[in-house]
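Peer 1: This is the structure I want to talk about, given as structure tokens.
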Amino acid sequence: MIEVHLRNVDIDGGVTLHWHGYDVPCGEDGAPGTTQDTVVPGGEFTYRFRADQAGTYWYHTHHASHVGVRRGLYGPLVVTERDAEEGLDLTLPVHTIDATVLLADNDVPIEQPAPAGVPVRLRLINTDSDPHRIALVGMAFRVAAVDGRNLNEPGEVSAVAVRLPAGGRADLVFTMPSDSVALVLDDHRAGLRLSGVRIGADEAPVADPAGWPELDLLHYGVAAPAPFDPDQPDRRITMVLDRGVALVDGLPAYAHTVDGYGHPSIPDQIVGAGEVVRFTVVNRSLETHPWHLHGHPVLVLSRNEALSTGSPLWVDTFDVRGGETWDVAFHATNPGVWMNHCHNLPHAHQGMMLRLRYEGVTTPFDNAHHGH
Ligand code: C2O
Ligand code: CU
């Protein structure tokens, strides 16, 4: 049981903590105006939830998050298995502030000694609003987990880049070779160098990851049956994402819209407890919208009607690029009122945020227009 005391000392606008991707009970979800009031300076809030899902997650403020997260109100949440294997386990949030890309707390490459033969796990977390491209130079690797959830039989890959959507995570694993391995961010920024202890630290791997293809997670790993039949959903919901003039917080704006509306005018989505719900997300705009549902992982079914054929891919954020259509499904087993939004946080602020509500559930909190 995890208990977190949040005390706001001096964040004038207020803060909350949202446990991104962690399926906490709704009252712990940190959505201001929906699951709690914003914690104002001098105020406090206590969160309690069970650490019953091992994996790589993160947390961040959910109040004025487009400003607060960028300025640093976030952190990693890593839950390990009780019998976790020994080895080198590094948690590496990628974060941009003032055009500088940080890896963990570093704006210069991290030099990390690593003995040959040691198992390595790199837990990458994208805390930004734009995607990052991660490349590992000098070693084949597996993507063991995406968004905290293990993939089924992930194969070894090399000379491919891993795309991390806004808010997304990937755990890269490999066994340390006797020379060095480098992690390259966005094809140019050297983020981390693991050096085999027997070899001079100056032997940088030579390769240019800029031309590497992106690993397509819809066709990676081995298929396995889903715990429900996504082709027989109890409910289908379509969301059309676009750009246009709409009311945002009651004022006309050039907004990021869902079905033509901006928040809080986008109608709530209603689901029933126990239902299998299928979402079709259509992006009619030119921008990428990293879609994020609170409280439930979604199973990716298809992108542009091409079915996912790899490992079941359970994510909490999926990157719907301009012109794309994604189909995903989830099991409605966590009753509450949940935010459902674009995780490009300025887009969420400019309209692209709504609520998914279980039938019969209401909230006593009411400042929906501040709920982002
Ligand atoms: Cu990390 Cu509502 O988001
Ligand atoms: Cu967006």
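Peer 1: Considering (1) in contact with a Leu (Cβ under 9 Å, 6 or more places away or on another chain); (2) in contact (Cβ under 8 Å) with a residue 60 or more places away in the chain; (3) away from ligand 2 (no atom under 14 Å from the Cβ); (4) not hydroxyl-bearing (S, T, Y), say which one F330 fails and leave the rest.
Peer 2: (2)
Peer 1: Sticking with this one: Condition check: surrounded by fewer than 20 Cβ atoms within 10 Å (Cβ to Cβ) and under 17 Å from the mean Cα position of the chain (by Cα). Does R284 satisfy that?
Peer 2: Spelling it out, it is not the case that R284 is surrounded by fewer than 20 Cβ atoms within 10 Å (Cβ to Cβ) and under 17 Å from the mean Cα position of the chain (by Cα).
Peer 1: Oh, and also: Could you run through region 10-68 and say how many residues are within 23 Å of G351 (Cα to Cα), touching a residue at least 60 places away in the same chain (Cβ under 8 Å) and buried (at least 17 other Cβ atoms within 10 Å of the Cβ)?
Peer 2: 18
Peer 1: State yes or no: is G167 at pLDDT 95 or above, crowded, with 21+ Cβ neighbours inside 10 Å and outside any strand (DSSP E or B)?
Peer 2: Against the criterion (at pLDDT 95 or above, crowded, with 21+ Cβ neighbours inside 10 Å and outside any strand (DSSP E or B)), G167 qualifies.
Peer 1: State whether the residues of region 71-81 include one that is loosely packed, with under 15 Cβ neighbours inside 10 Å and more than 30 Å from A144 (Cβ to Cβ).
Peer 2: Yes, because at least one residue in region 71-81 is loosely packed, with under 15 Cβ neighbours inside 10 Å and more than 30 Å from A144 (Cβ to Cβ).
Peer 1: Next question. Does region 278-287 contain at least one residue that is within 26 Å of A223 (Cα to Cα) and of a type in the set (K, R)?
Peer 2: yes
Peer 1: Let me ask you something else. Look through region 278-306, keep the residues that are without any contact (Cβ under 8 Å) to a residue 60 or more places away in the chain and within 16 Å of ligand 2 (Cβ to nearest atom), and return whichever of them is nearest to P227 (Cα to Cα).
Peer 2: Within region 278-306, the match that is nearest to P227 (Cα to Cα) is F279.
Peer 1: Here is a list: T325, T309, T317. Which entry is in contact (Cβ under 8 Å) with a residue 12 or more places away in the chain, of a type in the set (S, T, N, Q) and surrounded by fewer than 16 Cβ atoms within 10 Å (Cβ to Cβ)?
Peer 2: Sole residue among the options that is in contact (Cβ under 8 Å) with a residue 12 or more places away in the chain, of a type in the set (S, T, N, Q) and surrounded by fewer than 16 Cβ atoms within 10 Å (Cβ to Cβ): T309.
Peer 1: If you don't mind, there's one more thing I want to ask. With part of a strand (DSSP E or B), more than 13 Å from ligand 2 (Cβ to nearest atom) and buried (at least 16 other Cβ atoms within 10 Å of the Cβ) as the only criterion, which of A246, A255 stands out?
Peer 2: A246
Peer 1: Going through A182, A210, A246 one at a time, which residue ends up being over 23 Å from the mean Cα position of the chain (by Cα) and modelled with pLDDT of 95 or more?
Peer 2: So the residue among A182, A210, A246 that is over 23 Å from the mean Cα position of the chain (by Cα) and modelled with pLDDT of 95 or more is A246.
The values are calculated or read from the model by the stated rules, or taken from the named source; none is laboratory data. The shown structure was predicted, so the numbers you read here are calculated from the model rather than taken from an experiment. When we count neighbours, we look across all protein chains shown, and the Cβ atoms used for this are built from the backbone with ideal geometry, even at glycine.
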